[in-house]
Amino acid sequence: MYPRIRDLREDSDMTQTELARLLGMSQTGYSKYETGENDIPVAILEKLADLYHTSVDYLLGRTDRRQPYPQQTK
């Protein structure tokens, strides 16, 4: 269901275990995100987008534009 997060992880030469450690979670929990068994919480999506320098919309397949959105100033 979320093939882009798997593809980005593999492109980064990381295992599920390594990425799960960066996210502060178990490999099993992360694996369920890649397979679509569990929905990905917003906080995890934000961390993944930051890690891969992309947008949450790209991770979710809502756009094919890989570049992150410009940061908004407050």
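Rule-based calculations on the coordinates, nothing more; no lab input. In this text, all values refer to a predicted model and were calculated from it rather than measured experimentally. Quick reminder, even Gly has a Cβ in these numbers, built from the backbone with ideal geometry, and neighbours come from all protein chains shown.
If R0 is 35 Å, the Cβ-Cβ spacing of residue 37 and residue 66 corresponds to a FRET efficiency of close to 0.90.
Suppose R0 equals 25 Å; then what is the FRET efficiency for residue 12 and residue 46 from their Cβ-Cβ distance, rounded to the nearest 0.05?
Working: r = 17 Å, r/R0 = 0.69.
Rounded to the nearest 0.05, the efficiency is 0.90.
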